[in-house]
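The structure appears below as structure tokens.
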Amino acid sequence: MRAGGLAVAMAGVLLLGLTACGADDTGSAAGSVAGLPITHFQSGLRANAPAPNLDVENASDDEADKLATSTIADVEDYWSKQLPDDFGVAFEPVSSLLSYESNGENQQNGCGNTRKNVNAFYCGADDSVAWDRGVLLPTMIQQFGPLSVVTVLAHEFGHAVQFRLGAKAGITRSTPTIVKEQQADCFAGSYYRWVVEGNSKYFTVSTAEGLNAALSSLFLVRDSAGTSAEDRQAHGTAFDRLFAFQLGFEKGPKDCAAITMDNIKPRLVERPFDPADKNEGTIDIDDQTVGLLKESLDAAFAGAKAPAPEIVDGGGTCQGGPATPPASYCPSDNTVNIDLNTLAELGRPVDQSGEFTGQSNGGFGDFAALSEIASRYALAIQKGVGASLDNANAGLRTACLVGAWAAAANNLQDTKLRLSAGDLDEAISDLLRPDSLVAADVNGKRVDAGFTRVEAMRTGYLQGSTPCTKQYG
Ligand SMILES: [Zn+2]
């Protein structure tokens, strides 16, 4: 975030089309993940999974290799049917597979030496997939469990699929990296749906905790804030990457192959820092910032004609009402009660490299903290227009409205709070936390599927507030 100068551009004020809608609170959106039920069970390798019949150079018998090899066998099962069915292309397995230790003995493939290469990658030069079982995979397994390996390698295999599709995926020598990466994330998402639907011999994935682990793994490998989408190495922000994964999950591989620079440009949020972004767009969460937030929210939601709540620093719970610290919406006196100290702690800058090793000293970023407050504010607006506050739809509507506000904030006249590069990823990292308020109802209850929560915020961000009430009626 930054506290910029007053906007001089014509304002694109968010005109909220919120309507009272008590009658239809049973829409399917809240209870589903892209049309599938929300499920809870242990995700990962099946107890009765077959031993993959694949040659892997330099393989060990450790868990990382077992998961990686099973993933390759599984994605090959998936694509051996999908490539002919969807594209009329015969399936060919990749030419070779290589397991290596980035901190151990050097190995080589068509893309060179593996020493110090903490990575997993598809190498087009010799049509191979390679992975670091020394550092990368164990680090990810430790943080997000076995599905992190599945997510990363399904993405890498997505590049092999792209290589096979060539012109059918619109790929030429000049295709920008970001397009190839978006397609690979999307292909990984389409494979995941097939697994979730129970088609995999190797893996089983629940739509709540299972997909949450997959999305969190993808979040971890996002680009640093301030990267340009035109960067030759650009893979996308978490917002961009999750969009592509979810597109594949919802629509399937044909929509992935149809991704081009032209059709993703309007929705990509990856951009360099603005010269006005001091400290990489980081501001402290203090009284002054909360004041700017209030101004921004008041302006954004003015069109709803609902009484704006006051934001008070009083411990984060309501007297005799909802207690969802560090921020609560108190319907009885129309206030948002916050615990500013705790929110300031939550809103400290992200430590992306520490986050990768699981030893982060950072917080979730300023926008995570502000989104938490904004979510409680959005409940006040919903109350003001007669919407329900205490069910799953209310939670998703809230996330959607936070997204709509985030999109509108930079165009509001006479307000100073501006989003900076990386802010949306901070909202996503907050949404993926198990105790996030951004998609929670007035009592702090939220839909268990992070997939659905992220989708709700993105819907508001990309489409404005109108679908918030329509979709999450
Ligand atoms: Zn990639």
Practice prompt. Would you check which residues across the range 85-103 are over 17 Å from Val56 (Cα atoms) and assigned to a loop (DSSP other than H, G, I, E, B) and list them?
Written response: Gly88, Val89, Ala90, Phe91, Asn103
Item to complete: Could you please give the count of residues in the range 193-219 that are more than 16 Å from the ligand (Cβ to nearest atom) and either of a type in the set (Gly, Ala, Ser) or open to solvent by 10 Å² or more (accessible area, probe 1.4 Å) (or both)?
Response: 17
Fill in: Lone unmet requirement of (1) over 17 Å from the mean Cα position of the chain (by Cα); (2) open to solvent by 20 Å² or more (accessible area, probe 1.4 Å) for Ala407
(1)
Response to the item:
Of (1) within 16 Å of the ligand (Cβ to nearest atom); (2) assigned to a loop (DSSP other than H, G, I, E, B); (3) of a type outside the set (Phe, Trp, Tyr); (4) open to solvent by 30 Å² or more (accessible area, probe 1.4 Å), Arg222 satisfies every one except (4)
Practice prompt. Go over the candidates Val447, Val442, Val454 one by one and state the one that is more than 19 Å from Pro266 (Cα to Cα), crowded, with 24+ Cβ neighbours inside 10 Å and out of contact with any Phe, Trp or Tyr (no Cβ under 6 Å at 6 or more places or on another chain).
Written response: Val447
Worksheet item: Going through the range 163-192 one residue at a time, which ones are open to solvent by 10 Å² or more (accessible area, probe 1.4 Å), in a helix (DSSP H, G or I) and within 13 Å of the ligand (Cβ to nearest atom)?
Response: Phe163, Thr177, Lys180, Glu181
Practice prompt. From the list Ile283, Ile259, pick out the single residue that is in a loop (DSSP other than H, G, I, E, B) and in contact with a Cys (Cβ under 8 Å, 6 or more places away or on another chain).
Written response: Ile259
Worksheet item: Hey, any hits in the range 364-385 for a residue that's in a helix (DSSP H, G or I), in contact (Cβ under 8 Å) with a residue 60 or more places away in the chain and surrounded by fewer than 24 Cβ atoms within 10 Å (Cβ to Cβ)?
Response: yes
Practice prompt. For the range 163-183, enumerate the residues that are free of Cβ contacts under 8 Å to residues at least 60 places away in the same chain, closer than 15 Å to Leu83 by Cα and aliphatic (A, V, I, L, M).
Written response: Ala167
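The values are calculated or read from the model by the stated rules, or taken from the named source; none is laboratory data. Computed from a predicted structure; not experimentally measured. In this analysis, Cβ positions are derived from the backbone assuming ideal geometry, glycine residues included, and neighbour counts consider all displayed protein chains. When the accessible area is computed, the model is the full protein with side chains, heavy atoms only, and any ligands, DNA or RNA have been set aside. Shrake-Rupley method; radii C 1.70, N 1.55, O 1.52, S 1.80 Å.
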